[in-house]
Amino acid sequence: MRTPQHQRPLWTAWLFSVLSVTLASSLTSPATAADVASVASVVAPDAVFTVQAEGQRAIVRVLTRADSCPSISWSGKPSEVMSLRVAAATLPARQEAIQADSKPAVFDVRTCEATWPQGVHSASVAGTTLAAPLANIKRIVIIADTGCRMKASENAFQDCNDAAKWPFAKVAQSAAAKHPDLVIHIGDIHYRESPCPAGNAGCANVAWGYGYDAWQADFFKPAAPLLAAAPWVLVRGNHESCARAGQGWFRFMDAQPWSEARSCNQPALDKDADYSQPYAVNLSPHAQLLVFDSSKTSGKPFNSKDLSYGKYQADMQVVQKLALQKPHSFFMSHHPLLAVAPSKNTSKLKDGGNLGLTSVFETLHPERLLPDGIDASMHGHLHFFEAISFKTAHPASIIMGNAGSANEGTLATTFTPGEKLHGDALVEDYAATAAYGFATLDRVGGGESGDWLLTEFDTDGKAVFLCQIKNSKSQCTKAGL
């Protein structure tokens, strides 16, 4: 199993040695002061990571405060200067922002990028070494809903300063220790939308808003070990919609080329920027991920004349075609189709699926909501771990929104066999926990049969549930039994 390492100390050691040599030469060289100023102006990148795009296309991204993009070294190929994706900017507050106390978004870093060439095994940028994306994935780490919730409209303020109450940094560290080949984030990355109320020590003095300082605090800093561990597949959540953190999403996370028209900078263009065409990510010759942008869906069914209805219907038709490419697919959207919602009644399952998506999907696939060939759907949005299997034709549904953002209550701990969720979806197997954690997905055998083992871990990396995924079903047992 490959174990790429984050090597920032090599960068600082290099900088120190250059400064030392330059300062030492000051005894004989009159140009030393200018040299020192030039070297001192070199700025180490804030973040270096790989975004996995469609197929096997992958992009190295660098966030930097330097005046220009850095060079990237490819193993076995000449170095090149990375391309500018988008320059630093200060953007005015959007008038239709979800939170009334919104402020201008300061993006004081430029985003640089370079596409991985074929046949390259590693890349290095300013002392950070990244391992190349793999064509045959065996282990995946999966997380969702990682940010620290600060939302004035709901008077919801998580204790971002308390590592136990906002444990994403620990989750990232424990997940990196599992040495994944790929990391998947199923949406809702940014949560720091409102300023911390005066007198609240739990979130005092933390960054907030939609600018880079909040993105850095909420994601890039705590996620650093996991960003260095493997390439990332990033699924857009409702927190990354245009009226919220969409500008940062397109600057930092989106897998497609930058476009001003799809940047969330112009509200008049949100009707396009709030939707993205689905794409497939290769896992092996037999399996793939189908990535679906559900950021603009609703908790209520759509009318057939709604913009979202038409957009999502067209997107599902793309998914149908993509699903034909490989015998086994995982469908991934932030919002779950079939899920159990929090409830005070711990002996009965409460339907928690997204009615906006299901109102569209059931017109195309009334029996299972998703096309044939999709073995399981994976989601976030609900801040729990759930694995649900059905007696009916519906593929297994896995919810993994418990990686950091505030817990949302209690779930059913038992159920009556044959209970229904949306429509006629009869539940056959159900496992859930409200505790924080993350999951791994390990391929079983050569992959031809589409068998996988899903393991849910706590924040320390201790297994909680073991779930076999086979033939569109999941079957879970508690770890250690």
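Taken together, the values in this text are just the output of simple stated rules run on the coordinates, not laboratory data. Since this is a predicted model, take the numbers as computed values, not measurements. Note that each Cβ is placed from the backbone with ideal geometry, even for glycine, and that neighbours are counted across all protein chains shown.
When you filter the trypsin sites (Lys or Arg not before Pro) in region 157-204 for DSSP loop state and at most 16 other Cβ atoms inside 10 Å of their Cβ, you are left with 165.
Using the Cβ of residue 467 as centre and a radius below 9 Å, the other residues enclosed give a net charge of -2, where K and R count +1 and D and E count -1.
You can think of it this way: the chain between residue 81 and residue 43 has 12.1 nm of extra reach, that is 0.36 nm per residue less the Cα-Cα gap.
Distance between the C-alpha centres of region 180-240 and region 327-388: 25 Å, rounded to the whole angstrom.
Close amide H contacts of residue 392 (hydrogens built in the peptide plane, cut-off under 5 Å, sequence separation of 5 or more or a different chain): 426. Against the chain, whose longest principal axis is taken from its Cα atoms, helix 355-364 shows a tilt of about 70°. Taking a ≥ b ≥ c as the square roots of the eigenvalues of the Cα gyration tensor, region 308-363 is oblate, since a/c reaches 1.5 or more and a/b is not larger than b/c. Electrostatic bookkeeping for residue 342 treats Lys and Arg as +1 and Asp and Glu as -1; over the other residues with beta carbon under 10 Å from its beta carbon, the sum is +1. Taking other C-beta atoms within 10 angstrom as a stand-in for reagent exposure, 477, 146 fall in the order 477, 146, fewest first.
Relative to the longest principal axis of the Cα atoms of the chain, the long axis of helix 8-24 makes an angle of roughly 10 degrees. Under the simplified labelling scheme, the residue 314-residue 258 pair shows an inter-label distance of 2.6 nm, with each label point 7 Å from Cα along Cα→Cβ. In the chain, taking the dipole from charged Cβ atoms about the Cα centre, the farthest positive-side position among 255, 203, 173 is held by 173.
The gain in end-to-end length when the residue 101 to residue 303 segment is fully stretched comes to 69.5 nm, 0.36 nm per residue minus the alpha carbon separation. Take every pair of alpha-carbon atoms less than 8 Å apart whose residues are at least six positions apart; their mean separation over the length of region 286-353 yields a relative contact order of 40 percent. Any of 151/296; 178/348; 271/300; 138/326; 321/462 with alpha carbons more than 27 Å apart? Name them for me. Correct reply: 178/348; 321/462. Neighbour counts of other Cβ atoms within 10 Å put 145, 429 in the fewest-to-most order 429, 145. Sketch the reach of a paramagnetic label on residue 350 as a point 7 Å from Cα along Cα-to-Cβ, and name the residues of region 377-408 whose backbone nitrogen lies under 14 Å away. Under cut-off, by backbone N: 382-384, 408. By the beta-carbon count within 10 Å of each Cβ, the least crowded to most crowded order of 239, 328, 121, 365, fewest first, is 121, 365, 328, 239. Based on C-alpha pairs under 8 angstrom that are at least 6 apart in sequence, the chain has a relative contact order of 13 percent. The helix-based estimate of mean residue ellipticity at 222 nm for the chain, built from -39,500 (n - 2.57) per DSSP H run of four or more residues and divided by its residue count, is -4500 deg cm²/dmol to the nearest 500. In a fully extended conformation the segment linking residue 321 and residue 153 would gain 56.4 nm over its present Cα-Cα distance, using 0.36 nm per residue.
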